[in-house]
1. So, in the range 357-376, how many residues would count as being touching a residue at least 12 places away in the same chain (Cβ under 8 Å) and either open to solvent by less than 100 Å² (accessible area, probe 1.4 Å) or under 36 Å from the mean Cα position of the chain (by Cα) (or both)?
2. For residue 57, are the conditions met, namely being among the charged types (D, E, K, R), at pLDDT 90 or above and not in a helix (DSSP H, G or I)?
3. State all residues of the range 65-86 that are assigned to a strand (DSSP E or B) and polar (S, T, N, Q); if no residue qualifies, say none.
4. Tell me which of these residue 129 doesn't satisfy, since it passes every other one: (1) within 42 Å of the chain's Cα centre (by Cα); (2) more than 27 Å from residue 111 (Cβ to Cβ); (3) modelled with pLDDT of 95 or more.
5. Considering the range 134-154 alone, what residues qualify as being open to solvent by 20 Å² or more (accessible area, probe 1.4 Å), touching a strand residue (DSSP E or B) at 6+ places or on another chain (Cβ under 8 Å) and not in a strand (DSSP E or B)?
6. Looking at 175, 204, 195, which one is open to solvent by 60 Å² or more (accessible area, probe 1.4 Å), assigned by the TED database to the domain that holds residue 260 and hydroxyl-bearing (Ser, Thr, Tyr)?
7. Which of (1) under 30 Å from residue 321 (Cα atoms); (2) open to solvent by 50 Å² or more (accessible area, probe 1.4 Å) does residue 66 not meet, given it meets every other one?
8. So, in the range 210-232, how many residues would count as being exposed (fewer than 11 other Cβ atoms within 10 Å of the Cβ) and within 26 Å of the chain's Cα centre (by Cα)?
Amino acid sequence: MGQVAWKALFLSLFDYKTEKYVIAKNKKVGVLYRVVQLSILAYLVGWVFVVKKGYQDTDTSLQSSVITKLKGVAFTNTSELGERIWDVADYVIPPQGESVFFVMTNLIVTPNQRQATCPESANIPDALCDKDMDCLEGEAVVAGNGVKTGRCLKDKGSTRGTCEILAWCPVEKRSKPKKPLLGSAENFTVYIKNSIRFPKFKFSKMNVLATDNESYLKTCRYSQEHPYCPIFVLGNIVRWAGANFQEMASEGGVIGIQIEWNCDLDKAPSECNPHYSFSRLDNKSAENSISSGYNFRFAKYYRDAEGVDYRTLIKAYGIRFDVMVNGKAGKFNIIPTIINISSGLALMGAGAFFCDLVLLYLIKKSNFYRGKKYEEVKSSSRKSLSSPTLNGNQSPEQLSRL
């Protein structure tokens, strides 16, 4: 039996299978087949070609440059600085006009600092002491402002004091204005110039209206009706991001400006337009958290007539704006068109295969249809291949075998 089985397996390698078409008069399977066909056709035409534009070659390697420029003047009157005018050279950091820029809206100023010895701030836990031994000389104060000198300084009648440090003295002030000093920055404007290029199609464009009118950029403001006016009011940007400018200006925050270019290059270049969206990127739910807001420190240095170095320390609170650009361009190409059409035809074949499974295995008469679809034909002797005699009494099934 083993030899017979192996012989049968070997001979089966030389069998040839050919398709046999059987028309099944089954309305349920027929309706299912048409529904599957129509679904695949709707997916191919509606989704692949209309929505996703599967007939196009695409380029997502967008090349982009962003230049920003702010305008606006603010006035403050504080005990540390007195009356002062703030312009773009004072409140914009960095001044080069990059895609990420910071607008200072609130600040803590510690003027006339110089390197000397002074008490560390009592708000720093590592600076608290009871005796000189608690202030190890040469040890830096953890999260503090300087290096310990070995002395514990106490007020009269106090049992606890703070370590003396070598630092920029006096140390930084901790009190922050309740209202943002530069709250008027809400009315400042920013010019965002964005140039893009899709290298595959050698297509370039800018978000600025091509006009010879020199006063256009001085008078226009961005709106949905004027998408090619890149002049934005800071208060509007924050409001479009779903935030309140004055609240955000007090503690600081981060705003994202998204510029999206989705260009169908089968249409006129004028149809390729920038689309703007705005969002707040810092954690809005952490308003009462110790880590909320956005701030950093910087200093301005000077030297007096005696050659002593001084500085004015500024802890700046404000809003950082991140300009992010992305996009995609598409243009007709025969290769993706053929690939997607071929994929659709393959799906049609998969639909027919699914209906075959239903017909041959999942309905009541599956055995009957299976017997009609698959037929084994064996080669016969020469005698059996001779033409039989027709006497007119053969059944239709007998005639079909002839």
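1. 7
2. Numbers: among the charged types (D, E, K, R): yes; at pLDDT 90 or above: yes; not in a helix (DSSP H, G or I): yes.
Taking the combined requirement at face value, the residue satisfies it.
3. Those that are assigned to a strand (DSSP E or B) and polar (S, T, N, Q): 65, 68, 76, 77, 78.
4. The failed condition is (1).
5. Hits for the range 134-154 are 134, 136, 137, 138, 139, 144, 145, 154.
6. Result of the check over 175, 204, 195: 204.
7. Unmet for residue 66, out of (1) under 30 Å from residue 321 (Cα atoms); (2) open to solvent by 50 Å² or more (accessible area, probe 1.4 Å): (2).
8. Residues flagged as exposed (fewer than 11 other Cβ atoms within 10 Å of the Cβ) and within 26 Å of the chain's Cα centre (by Cα) within the range 210-232 amount to 3.
The values are calculated or read from the model by the stated rules, or taken from the named source; none is laboratory data. Model, not experiment: these values are computed from the prediction. Quick reminder, even Gly has a Cβ in these numbers, built from the backbone with ideal geometry, and neighbours come from all protein chains shown. For the accessible areas, the whole protein counts, side chains as well, though only heavy atoms, and no ligand, DNA or RNA atoms are used. Shrake-Rupley method; radii C 1.70, N 1.55, O 1.52, S 1.80 Å.
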